[in-house]
1. Is it the case that B:Arg41 is open to solvent by 10 Å² or more (accessible area, probe 1.4 Å) and in contact with a Lys or Arg (Cβ under 6 Å, 6 or more places away or on another chain)?
2. Kindly evaluate A:Asp126 against the criterion of being in contact with a Lys or Arg (Cβ under 6 Å, 6 or more places away or on another chain), more than 8 Å from chain B (Cβ to nearest Cβ) and not aromatic (Phe, Trp, Tyr).
3. Collect the residues in the stretch A:147-164 that are assigned to a helix (DSSP H, G or I) and among the small types (Gly, Ala, Ser), keeping them in residue-number order.
4. Looking only at residues that are more than 7 Å from chain B (Cβ to nearest Cβ), touching a residue at least 12 places away in the same chain (Cβ under 8 Å) and in contact with a strand residue (DSSP E or B) (Cβ under 9 Å, 6 or more places away or on another chain) in the stretch A:157-189, which one is nearest to B:Arg167 (Cα to Cα)?
5. Quick check on the stretch A:105-122. Is at least one of its residues within 7 Å of another protein chain (Cβ to nearest Cβ) and within 30 Å of B:Leu103 (Cβ to Cβ)?
6. Looking only at the stretch A:133-156, count every residue that is over 19 Å from B:Asp30 (Cβ atoms), within 8 Å of chain B (Cβ to nearest Cβ), open to solvent by 50 Å² or more (accessible area, probe 1.4 Å) and not polar (S, T, N, Q) and tell me the total.
7. On the given criteria, is A:Thr46 among the hydroxyl-bearing types (Ser, Thr, Tyr) and over 17 Å from B:Phe36 (Cβ atoms)?
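The values are calculated or read from the model by the stated rules, or taken from the named source; none is laboratory data. Please read all numbers here as calculations on a predicted model, not as lab measurements. Counting neighbours? That spans all protein chains shown, and the Cβs are built from the backbone with ideal geometry, glycine included. Note: accessible area is taken over every heavy atom of the protein model, side chains too, but ligands, DNA and RNA are not part of it. Shrake-Rupley method; radii C 1.70, N 1.55, O 1.52, S 1.80 Å.
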Number of protein chains: 2
Amino acid sequence: MTTTTPTPAVNGVNTEALFGTLDAVRNQPDLARFQFRTTTRWISGTHNRTTVNDFHGAGSERTHVHEFAIDADHPAVLVGNDNGPTPAEHLLQALGSCLMSGLANIAAARGIELGEVTARIEGDIDLLGIFGLDSSVRNGFEQVRVTFHVQGAAEAEQLARLVHQARDRSAVYDVLTNGVPVSIDVATA
Amino acid sequence: MTTTTPTPAVNGVNTEALFGTLDAVRNQPDLARFQFRTTTRWISGTHNRTTVNDFHGAGSERTHVHEFAIDADHPAVLVGNDNGPTPAEHLLQALGSCLMSGLANIAAARGIELGEVTARIEGDIDLLGIFGLDSSVRNGFEQVRVTFHVQGAAEAEQLARLVHQARDRSAVYDVLTNGVPVSIDVATA
């Protein structure tokens with residue numbers, strides 16, 4: 001076992017700020033209320049662009065350091081122009097990035113220095129559902145599989161526990177496995 | 001009512017190819033089986049990068065025209081360096097882009113020319129769950145709200161129906177509202 005005690009920047013995580021944030025929230029739980037927002041704009045065909053800029057959290061309105069833009073499209077085989085990943089791939093990416101961010105924070109909090117860490121994700125989908133050709137087939141993924149490869153200065157069992165803890169504290173994993181209420185309104189003008 | 005009959009490129013959608021694809025799949029349903037894949041690599045702290053390249057579909061292995069890379073991070077208020085949207089924002093983006101791609105295809109199939117179309121999404125999340133500070137609070141979003149603004153050459157009711165049909169044929173909406181089985185394996189070496 002080769003763990004180290006936490007320092008201010010294990011794995012690039014400022015653990016002092018991390019623990020300070022947790023203390024602040026413990027004393028004032030309303031700081032933990034966040035609202036995230038995105039705006040997707042149609043471009044042409046299946047190509048669209050989403051911008052990410054402002055959000056609410058820790059008691060006030062905030063903005064990212066700059067606006068982010070994310071393109072999505074279908075590949076040619078799905079009658080698009082391949083200007084970006086498909087929405088289904090973006091969904092897998094959201095899961096992978098959420099698990100990975102959590103894992104890095106948890107490792108830092110435990111003083112475990114990470115090496116190379118990757119998460120490969122596969123999602124199986126039968127497009128008969130989306131195409132409206134078989135009402136017994138769901139629209140979404142039938143199954144999603146995540147395979148983590150974790151290198152770090154700790155025993156294999158400890159590294160595996162980082163993944164399990166990341167899963168148990170992942171916003172996206174929770175939404176994907178348990179669902180979330182989604183309302184959709186339309187304004188036409 | 002100002003709809004037009006479908007032409008080969010309504011809204012930038014090649015409707016001939018779209019209908020041809022549906023016919024091909026109707027005759028050979030196995031073509032509809034797809035597998036999407038992503039690989040997320042840890043960079044530092046909560047910053048990670050996901051690459052999207054190969055996928056399986058329409059009976060063979062395929063690759064995008066080039067590899068896509070998507071960064072994710074936390075903002076400073078969540079102890080990150082803001083090198084990309086948060087995973088939670090990526091999740092909202094996946095929903096918005098999926099609904100938007102579907103809407104454009106459906107409008108094209110119906111011969112409805114679109115003008116400006118946007119989807120604003122808000123997701124409320126209480127981070128007490130993720131922080132492990134309140135076991136009664138879920139990790140994921142409590143509620144997601146989508147607001148579409150749709151302009152197009154059709155009556156308001158028809159434009160609203162495009163949104164409802166997009167919802168009824170959305171892979172990401174299905175996964176978010178109904179959940180999906182997710183397995184997570186770990187290899188440590």
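1. Criteria met by B:Arg41.
2. Numbers: in contact with a Lys or Arg (Cβ under 6 Å, 6 or more places away or on another chain): yes; more than 8 Å from chain B (Cβ to nearest Cβ): no; not aromatic (Phe, Trp, Tyr): yes.
No, not satisfied.
3. Of everything in the stretch A:147-164, those that are assigned to a helix (DSSP H, G or I) and among the small types (Gly, Ala, Ser) turn out to be A:Ala156, A:Ala160.
4. A:Ala166
5. Of the stretch A:105-122, the ones within 7 Å of another protein chain (Cβ to nearest Cβ) are A:105, A:114, A:117-122.
Checking which are within 30 Å of B:Leu103 (Cβ to Cβ) leaves us with A:121-122.
The answer is yes; a qualifying residue exists.
6. So the answer is 3.
7. no
Residue-wise test of (1) part of a strand (DSSP E or B); (2) of a type outside the set (A, V, I, L, M, F, W, C); (3) touching a Ser or Thr at 6+ places or on another chain (Cβ under 9 Å).
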{"position": "B:Ser135", "(1), (2), (3)": "no, yes, no"}
{"position": "B:Arg138", "(1), (2), (3)": "no, yes, no"}
{"position": "B:Arg145", "(1), (2), (3)": "yes, yes, yes"}
{"position": "B:Ala166", "(1), (2), (3)": "no, no, yes"}
